[in-house]
1. Inside the stretch 1-34, can you point out the residues that are more than 26 Å from Gln51 (Cβ to Cβ) and in contact with a Ser or Thr (Cβ under 8 Å, 6 or more places away or on another chain)?
2. Scan the stretch 42-49 and give yes if some residue there is in contact with a strand residue (DSSP E or B) (Cβ under 9 Å, 6 or more places away or on another chain) and closer than 27 Å to Val65 by Cα, otherwise no.
3. How many of the residues in the stretch 1-26 are within 8 Å of Lys56 (Cα to Cα), touching a Phe, Trp or Tyr at 6+ places or on another chain (Cβ under 8 Å) and not in a helix (DSSP H, G or I)?
4. Six or more apart or on different chains, Cβ under 7 Å: which pairs go from a residue in the stretch 55-69 that's closer than 27 Å to Glu18 by Cα to one that's of a type in the set (Phe, Trp, Tyr) and part of a strand (DSSP E or B)? Could you list them?
5. Take the residues of the stretch 1-10 that are aliphatic (A, V, I, L, M) and within 8 Å of the chain's Cα centre (by Cα): which is surrounded by the fewest Cβ atoms within 10 Å (Cβ to Cβ)?
6. From the set of residues in the stretch 11-51 that are in contact (Cβ under 8 Å) with a residue 40 or more places away in the chain and touching an Asp or Glu at 6+ places or on another chain (Cβ under 9 Å), which is surrounded by the fewest Cβ atoms within 10 Å (Cβ to Cβ)?
Amino acid sequence: MTAVKIVKVLGTSTESWEDAAHEAVAQASETIEDIHGVEIEDWTATVEDGQITEYKTTVEVAFPVHHQQ
């Protein structure tokens, strides 16, 4: 049986929510090995003068717990 750990990562982008999600996964993969899946938890944005200036996506990143031997 494999245990899975889940962490939340906030990605940001000036382009889109999808780009923010990609950024979150890319950044997480720099320090987390063997990412198996993600779940988009929340989409938010910063608005200035009636325009979206920054897209934010909260992503839950899932990866297996590796036991040290």
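1. Lys8
2. yes
3. Residues meeting the conditions: 2.
4. Thr57/Trp43
5. Out of the qualifying residues, it is Leu10.
6. The initial filter retains those residues of the stretch 11-51 that are in contact (Cβ under 8 Å) with a residue 40 or more places away in the chain, namely 11-15, 17.
Checking which are touching an Asp or Glu at 6+ places or on another chain (Cβ under 9 Å) leaves us with 11-14.
Working: Gly11: 22, Thr12: 16, Ser13: 18, Thr14: 11.
Applying the filter and picking the extreme gives Thr14.
Only the coordinates and a few stated rules stand behind these numbers; no lab work does. Predicted model, so just to flag it, every value in this text is computed and none were measured. Methodologically, a virtual Cβ is constructed for each residue, glycine included, from the backbone with ideal geometry; neighbour enumeration extends over all protein chains shown.
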